[in-house]
Amino acid sequence: MAPGETSTSTNRCMTTPQTFKSRLSHRFTPKRFTPYGRTPQSRRISTAVPTTRGRRKNVHTRTKSRTDSSSEAEDLKGFTNVTWKVFKLSPLYKFSSAPKDLKRYGQLLSSCVEAANQKGLFVENNVSRKALFCVQEGLKKTADDPDAIQILVKGKKGLGTVDTVILTATLCGVEMEGDLLIPDVKGHFTYYPVLLVKSTVAMTDVLITWLMRHFDCKISPLVFPPVYMAWMIAMWSGALANTNRKNKPVELVYQVPSECEGIKKITYTIEAADCLRVWNSIHDSKSDMFTEEEMTTFISSLEDHFYSLFRVKLNAMQLSCVGTSLCYIGRDGILKIYSAEHVSCILRHLTELSMEHFSLV
C-alpha cells in the first residue's frame with residue numbers, strides 16, 4: 001500500500017436503510033457540481049439487454065438472442081481491460097464514413113503524425129507511422145447513431161519489422177436519443193458525442209489537434225463530478241444482478257481534504273453481494289429506471305455504514321473514483337471496462353452524459 005493511502009474493506013451485512021431524503025441531496029446539488037445544468041431526475045440501469053419500461057423515455061431496441069449477445073461481446077472485446085481516456089466532442093464538419101474518405105483521412109493523419117515526429121514531439125523511437133480509419137462494428141444500435149469509427153496509428157520500433165499499434169481511438173455515439181442538430185445544418189455535420197483514446201499524451205494531443213483543425217470541432221476531456229459517479233455506482237450496482245459470474249468488489253475512492261495531512265485518499269471496498277443487497281432494499285427490481293432519491297439514499301446508506309464502523313464522515317469528502325465488476329472510472333475521465341457484455345451499456349451512458357453537456361451549451 002502506498003504511503004498516505006488508507007484502504008478499508010468491509011463484508012458486514014448492512015442494515016436495511018429506510019427511504020428518506022438524504023443529506024446527499026444537498027451535497028450533490030447541480031449548482032455545486034454540474035456547471036452544465038440540472039441532472040436528470042431518473043436514469044436507466046445499465047443492463048446487457050435494455051428493456052422499454054421506466055419513467056423516462058427509453059430507446060427501443062430489439063431483444064438480442066444469446067447468439068447475438070455472444071457475437072457482439074466478441075466484436076467489442078477489444079474495449080476491455082484497456083485504460084481509455086474519455087473525451088467529448090462538438091459535431092464534426094463535413095465528416096464522412098465512406099471508405100474512400102476514411103482512406104484519405106488516414107493519409108492526412110499519417111502526414112500530420114510524421115510532421116510532428118520530425119519536430120521531435122515524440123520520445124518513442126518509432127518510425128514509419130501509418131494511420132488507419134475504419135468502421136467499428138457492434139456500436140451502431142439505432143438509426144440515429146453514426147457509424148462508429150476506429151482510428152489506429154501503427155509504427156515500427158527502432159529497426160524492427162513488425163508493426164506496433166501506438167494509438168487506438170474510437171469515435172462513437174451509442175443509442176443517441178433524438179437529434180440535437182437543427183435541420184439546416186444537419187447535412188453538414190456528424191455528431192460523435194464520445195471519443196475514446198489509448199496512447200501516450202503526445203500522440204493523443206496530435207490526434208486531437210488534427211481532428212479539431214480538420215473538422216472544425218471542439219474536443220475536451222469528459223470529466224465526471226461526484227454526482228455523476230454516484231449515479232454510476234448506483235446504476236452499475238443494480239446491473240450486477242444480471243451477471244452470473246463472480247463479481248469484483250465495489251470500490252469507492254474518496255479524496256481527503258488537503259487540511260488532513262498524512263492521508264490523500266480513502267478507498268472503501270464492499271463485497272458486490274452486500275452492495276447489491278442494499279440496492280435491492282431501496283430499488284424496485286421490476287423497474288429498469290431509478291430515481292435521484294434512490295441514488296442518494298443508496299450512497300448515503302453506504303457512507304453511513306462506513307461511519308458506524310470507523311467514525312469517518314465520507315460525506316465531507318469528494319468521490320473521485322468508482323469501480324465495479326463492469327468497469328472502473330475516475331473523475332478525470334479515465335475508464336477501464338472489464339465486461340465485454342456491457343461495453344455498449346457503458347458507452348451508452350457516456351453518450352448520454354456528453355449529449356447533456358452539448359444540449360445545454
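The values are calculated or read from the model by the stated rules, or taken from the named source; none is laboratory data. Keep in mind that this is a model prediction, so the values were computed, not measured. Neighbour counts are summed over all protein chains in view; Cβ atoms, including those assigned to glycine, are modelled from backbone coordinates with ideal geometry. Keep in mind that these areas ignore ligands, DNA and RNA; they rest on the heavy atoms of the full protein, side chains included. Shrake-Rupley method; radii C 1.70, N 1.55, O 1.52, S 1.80 Å.
Structure notes:
- Charge tally in the Cβ shell below 11 Å around Gln136, where Lys, Arg are +1 and Asp, Glu are -1, Gln136 excluded: -2
- Solvent-accessible surface (1.4 angstrom probe) belonging to Lys103, in square angstrom, nearest 10: 140 Å²
- Table column - 3J(HN,Hα) (Hz), the stretch 210-219, Karplus curve with 6.51, -1.76, 1.60, x for Gly and Pro: 5, 4, 5, 6, 7, 10, 6, 10, 10, 10
- Estimated translational D of the stretch 150-273 in µm²/s (Stokes, Kirkwood radius over Cα pairs; 37 °C; 0.692 mPa s): 171 µm²/s
- Calculated FRET efficiency for the pair Ser220/Thr269, C-beta based, R₀ 45 Å, to 0.05: 0.90
- Over all other residues within a Cβ to Cβ distance under 12 Å of Thr168, the charged ones net out to +3, with Lys and Arg as +1 and Asp and Glu as -1.
- Within-9-Å neighbourhood charge of Thr204 [Cβ basis; K, R +1; D, E -1]: +1
- The accessible surface of the stretch 129-225, taken with every protein chain in place and a 1.4 Å probe, is 55 percent carbon and sulfur.
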